[in-house]
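Quick notes on the structure that follows.
The values are calculated or read from the model by the stated rules, or taken from the named source; none is laboratory data. Remember, predicted model here, so these are calculated numbers, not experimental data. Cβ sites come from the backbone with ideal geometry, for glycine too, and all protein chains shown count toward neighbours. When the accessible area is computed, the model is the full protein with side chains, heavy atoms only, and any ligands, DNA or RNA have been set aside. Shrake-Rupley method; radii C 1.70, N 1.55, O 1.52, S 1.80 Å.
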Amino acid sequence: MKKYLFALASAGAAGGALAQSSVTLFGVVDAAVTYTRGSGDGSGHKVQLTNSGNMFSRIGFRGTEDLGGGLAAGFWLEAGLQNDNGTGFGSNVNNQASGAGTAGILSFNRRSTVSLSGPFGEIRLGRDYVPAFWNTAIFDPFGTGGGIGANQIYFSGLGGLPAPTGTRASNSIGYFLPGNLGGFYGQAMYAMGENDSNSVLPGTLRSTRRDGSHVGLRFGYLQGGFNIALATGKTRYATGDLRVTNLGASYTFGPSLMSLKLTGELYTESKGSTDGKGALVGFQLPVGPGEIKGSYARYRLEPTGAALKPTTSKLAIGYVHNLSKRTALYATVARISNHNGAAQALAGAITMPNRSSSGTEFGMRHIF
C-alpha cells in the first residue's frame, strides 16, 4: 500500500527522550458491473454498478508510536465506502438492533481502536472484528466481500448479516497473543452492550442488562503452508443468545504445484430455537500475473420441530488479473441452489423457494 508518513517527534517531560511516530492513510476503491438473475417471471433480474466485488472499499488512518522498551501505542480508524454512489455505512453503538447507525452515513464502522503492544502481545480497545468472524473471512477464497462470490455461510447464517455481532463488536476489549510462540496465535474479546442495570424486555420481566454483551475466542497454528484455527463466540440477548463456532484450515503446496492453496471451513451456530450448519471448500491457484479461485459452500437451517430444513448451496468461480501490485481487474460467476423451502438469491435478484439464482460480475480494484 502507498503510505503517507508524517514523522513526529516529542520530547518526554522528564527525560527528554524522543518517541517516533508514523501515520498512514490507506484504502481500497472497488467497483463492478454486476448482473444477477433470479427465477420466476423475470422481475427478479438486475443489472447494477456495485462496490466491493473483490475487496471491501474503505478509507482509513492508522498510526504507531514507539514508546521504548519494546512497547508501542497504536490507533486504527477505518470507514467502509460505497463508492458506486459516494456514501458510507452506519455503525452500531451497543451490539443490538436498537443501536444500528444510519445507512449512507460515513462512520468508522469497520474498525476504531486504540492499542498497546509489546512482548506480552497486544491489547485493543474500541470497535473491532469478533474472533469467530476471521475464519469465515480468511478461509474462503472470496472472503466476505460484497461480490457475488462472497461466503454463502456468512450471508445465509444467523450470525452473519444482519446480526450486530456477526462481524464486529463495539465497546470491546481485545487481547492478541504475541507473534513469537512457534506458530501458535490467538485472540480473546469481551464486548459490552452498555445497558442500564434495571432494563427489562418490554411486556416481560426478563432483564436486558446483558443484551449485546459478547465473548469470543480464537486459537490457531500457522507453520509453513499449513494454517488451522478454531473460533467461538457468544452474544447475550434476552430473546435468545447467539452462539457461533467454526473451524477453518488451509494448505499451500510448494512451487511444483504452482503454490496451489486449498481451504475449508466447518460452521455451526444457534439462536433461540434455530440452529444452523455450514461447510465450505475452496482453492486459489496463481496463474501468471493473476489468480483463479473457486469455492463451494452449503448451509442448512434447522428450526426446532420443523419438518423442512431450508438448505442453500453456492458455487463460485473467479479470476483476478493484477495489472500492478495495487490495481487489478476481476471477473466472477456464481450460482445459488435452494432446497426445502430456501429462497436465497444473489445480490439484487429475487428468486422463488427451491429455485436458483445466478450472476456474473466484472470489476476493477485499486489499493492505496
(request) Pull up the range 185-235, narrow it to residues that are at pLDDT 90 or above and surrounded by fewer than 14 Cβ atoms within 10 Å (Cβ to Cβ), then point me to the one that is nearest to the chain's Cα centre (by Cα). (result) F226
(request) Check whether at least one residue in the range 296-306 is polar (S, T, N, Q), out of contact with any Leu (no Cβ under 7 Å at 6 or more places or on another chain) and in contact (Cβ under 8 Å) with a residue 60 or more places away in the chain, and report yes or no. (result) no
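I'd like the full set of residues that are of a type outside the set (S, T, Y) and closer than 12 Å to Q284 by Cβ, limited to the range 246-256. It would help to see each step written out before you state the result.
We begin by selecting, within the range 246-256, every residue of a type outside the set (S, T, Y); these are 246-249, 253-255.
Hit for the range 246-256 is F253, nothing else.
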(message) Quick check on my filter: what residues within the range 147-184 are among the hydrophobic types (A, V, I, L, M, F, W, C), part of a loop (DSSP other than H, G, I, E, B), over 26 Å from Q96 (Cα atoms) and open to solvent by 10 Å² or more (accessible area, probe 1.4 Å)?
(response) L177, L181
(message) Can you pull out every residue in the range 255-295 that is without any contact (Cβ under 8 Å) to a residue 12 or more places away in the chain and either of a type in the set (A, V, I, L, M) or open to solvent by less than 50 Å² (accessible area, probe 1.4 Å) (or both)?
(response) L257
(message) Name the single residue that is farthest from I367 (Cα to Cα) among those in the range 311-345 being among the hydroxyl-bearing types (S, T, Y) and either assigned to a loop (DSSP other than H, G, I, E, B) or open to solvent by less than 60 Å² (accessible area, probe 1.4 Å) (or both).
(response) T311
(request) Name the residue, out of S199, S250, S256, S273, that is touching a Phe, Trp or Tyr at 6+ places or on another chain (Cβ under 7 Å) and among the small types (G, A, S). (result) S250
(message) Being modelled with pLDDT under 95 and within 29 Å of G80 (Cα to Cα) is true for just one of K314, K293, K271. Which residue is that?
(response) K271
(request) Return the total of residues in the range 331-368 being within 20 Å of the chain's Cα centre (by Cα) and closer than 17 Å to P289 by Cβ. (result) 3
(request) Quick one: which residue in L222, L262, L230 is farther than 28 Å from P119 by Cβ, in contact with a strand residue (DSSP E or B) (Cβ under 7 Å, 6 or more places away or on another chain) and not in a loop (DSSP other than H, G, I, E, B)? (result) L262
(message) Please go through the range 57-88 and give me each residue that is open to solvent by 60 Å² or more (accessible area, probe 1.4 Å) and either under 15 Å from I367 (Cα atoms) or part of a strand (DSSP E or B) (or both), ordered by number.
(response) F61, T64, D66, L67, L71, F75, W76
(message) Quick check on this structure: which one of R243, R209 is free of Cβ contacts under 8 Å to residues at least 24 places away in the same chain and touching an Asp or Glu at 6+ places or on another chain (Cβ under 9 Å)?
(response) R209
(message) For the range 96-132, which positions are in contact (Cβ under 8 Å) with a residue 40 or more places away in the chain, out of contact with any strand residue (DSSP E or B) (no Cβ under 6 Å at 6 or more places or on another chain) and either under 20 Å from G186 (Cα atoms) or assigned to a helix (DSSP H, G or I) (or both)?
(response) A97, P119, F120
(message) Whether any residue in the range 346-360 is modelled with pLDDT under 95, of a type in the set (S, T, Y), crowded, with 16+ Cβ neighbours inside 10 Å and not in a strand (DSSP E or B) is what I want to check.
(response) yes
